[in-house]
Structure formats: structure tokens, C-alpha cells
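I have placed the structure first, in the form of C-alpha cells, so that the comments after it can refer back to it.
The values are calculated or read from the model by the stated rules, or taken from the named source; none is laboratory data. The structure presented is a predicted model; accordingly, all values stated were derived computationally and were not measured. Methodologically, a virtual Cβ is constructed for each residue, glycine included, from the backbone with ideal geometry; neighbour enumeration extends over all protein chains shown.
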Amino acid sequence: MEWGMKNRMSQLIQPDGRCFFLPIDHGYFQGPTTCLEKPCRTIEPLLPYCDALFVTRGVLRSAVKPENAKPVILRVSGGASVVGRDLAHEALTTSIEEIIRLNATAVGVSIFVGSDYEHESLMNLADMVNLCEDVGIPVMAVTAVGKELEKQEARYLALSCRIAAELGARVVKTYWCKNFHRIVEGCPVPVVMAGGPKCETELEVFEFVHDGLRRGAIGVNLGRNVWQNPHPVAMIRALRAVIHEDETPKGAWKMFNSLKKQKKLRS
Ligand code: 5RP
């Protein structure tokens, strides 16, 4: 691996081999998502506890201070919306010059395997890999399921992740599901878990993250279950302990409950 690629990968994946990416990219197809109406307010208190931010260039420019940013994974696919005909109908949104200008540590591209736009989204990934490999920037593939959340099962996700890796993704982001190890076993590059819609309880989040790590995931790219929680700082700190300190789900839950009572962490 070239020095630049290696350096960027090591900014994303910490010395313990784990990572916590914080996605704030939902507005690119959902508009002003609950708790992301003012992204800068969401990001600021959480920034110290994540290893990288996953954002579009619009949020990066308007909500993140260049002086004290964490490594940035720039979302570079888009062009569809929740009210449009098909969420899978994406293209590449950001040029390689812009990616370099914004000093992105990595970029993220969604793929929609099995959708009407499977081919286009896979070629978006392949095209971005060709551009980014030339300049030593890793591409993270996002295995998207559009509105069909029932696709969150191991056979389908293993297929998507393997295809993403074969096309050159350096990291693959997918959903946690039962038998998560089947995804990891079939994927030759590191796999991180997305959080999905907000869970009923915090314990559920700690449990699935812990299970995924035990089964070979290297970390998370987890948003709504952090910043839609009424105690986002307590939540990110407890989750960080699961990822970087091997905390148990019950231990993390105890930690969350104790942190949320601290006055300065309540916002
Ligand atoms: C949206 C994304 C998000 O980054 C991803 O889904 C993770 O966020 P969450 O934990 O809220 O699901 O790619 O397209």
C-alpha cells in the first residue's frame, strides 16, 4: 500500500484496529432530518468522541470548523430524495479535485445491489475507486437498501459487501443482521456497521454493536441511534467504550445511565 493510502487508512482505523465513524449525511436525501436541522449543533458536542465524520461537502463547509476537524469521510454519491421516484437512482456528486481540495481522508459511495439502478450505482463505485486510488484516497462503499429494510439479512448483505470489495472499496459499511460473521467471512476488506433507524432502547444498540464486533466488524458508522437519543453525548461515550474498550452491553448501559444524569452532558 502506498504511504498516502496507508496514512489515510490509519487516520480512520485506530491503533486497536477499531473505528467509530459518525455519519451526519442523512440530509442529502432526507432533508432536515430530526435532530440534524442545524448540523453544527449536532456535531459540536459529539466530535471529540468519534474517529471520523461522514458528511457531504455542504455540511462540511457550513457546519465543521476546518481548524479542529476530525478526519472526514466525504459522501460523494447522491442525486435522489425520499419523495422522488427511486432512492437508488444516484450518481457521483463530487469531483476528485473537490475531494482533494477539501482534504478528505476518504470518500463514501452508496451501492444498491438488486435495485433497478444496480449497474449505475456499482459503476459509480468503480469510477470513484479509479479516481481515488490514483491519489491515495480510500473509498468506503455503503451497501444501501433504500426503503426496503427487509433486505437487512446476511445473504443479501454478504453479496453486496463482497461485490463492493471486488470493485475496490477499501472499507465496506453495511447493516448489522443475524449471523453477521457470514458477511465478514465473505468480505476481504474491513466491515463497519450502520445503525439504522432509532432502536427502542439503548441496550439494544449496545447489544447489536457488541455482537457485530464479536463477529468480525471493525467498528461502526452509526448516526441516528446517537444523535436522535435525548442524551447523545452519554450515548456516544458509552458506545465508544463498547468499540474501543471492549465494554459489555450491560456495562455500557450502566455507563450511559450514569453519564446521562451528569448535568453538563444533558444536551
Ligand atoms: C445514509 C447513510 C448513513 O451514513 C448510514 O445509514 C448510517 O447512519 P444511521 O446509523 O443513522 O443508519 O449512509 O445514507
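Summary of computed values
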item	result
Condition met for GLU67 (at pLDDT below 95, surrounded by fewer than 14 Cβ atoms within 10 Å (Cβ to Cβ) and assigned to a helix (DSSP H, G or I))	yes
Given (1) touching a residue at least 24 places away in the same chain (Cβ under 8 Å); (2) under 20 Å from ASP51 (Cβ atoms), number of the condition THR248 does not satisfy	(2)
Qualifying positions in the range 78-90 - crowded, with 18+ Cβ neighbours inside 10 Å and in contact (Cβ under 8 Å) with a residue 60 or more places away in the chain	LEU87
From ALA238, ALA234, ALA165, residue being closer than 15 Å to LEU22 by Cα and more than 16 Å from the ligand (Cβ to nearest atom)	ALA234
Of all residues making up the range 192-217, the number that are at pLDDT below 95 and in a strand (DSSP E or B)	1
Cβ-Cβ under 6 Å pairs, at least 6 apart or on other chains, the range 188-200 side within 16 Å of GLN30 (Cα to Cα), far side near the ligand (Cβ under 9 Å from one of its atoms) and hydroxyl-bearing (Ser, Thr, Tyr)	GLY196/TYR175
The lone exception for VAL220 - which of (1) part of a loop (DSSP other than H, G, I, E, B); (2) within 14 Å of the ligand (Cβ to nearest atom) it fails	(1)
Some residue of the range 78-89 being closer than 15 Å to HIS26 by Cα, in a strand (DSSP E or B) and within 16 Å of the ligand (Cβ to nearest atom)	yes
Extreme residue, farthest from the ligand (Cβ to nearest atom), among residues of the range 1-59 that are in contact with a helix residue (DSSP H, G or I) (Cβ under 8 Å, 6 or more places away or on another chain) and assigned to a strand (DSSP E or B)	CYS19
Hey, GLY216 surrounded by fewer than 18 Cβ atoms within 10 Å (Cβ to Cβ) and in contact with a His (Cβ under 7 Å, 6 or more places away or on another chain) or not	yes
Subset of the range 218-245 [of a type in the set (Val, Ile, Thr) and without any contact (Cβ under 8 Å) to a residue 60 or more places away in the chain]	VAL242
Failed condition for VAL191, given (1) within 15 Å of the ligand (Cβ to nearest atom); (2) within 28 Å of ARG41 (Cβ to Cβ); (3) touching a helix residue (DSSP H, G or I) at 6+ places or on another chain (Cβ under 9 Å)	(2)
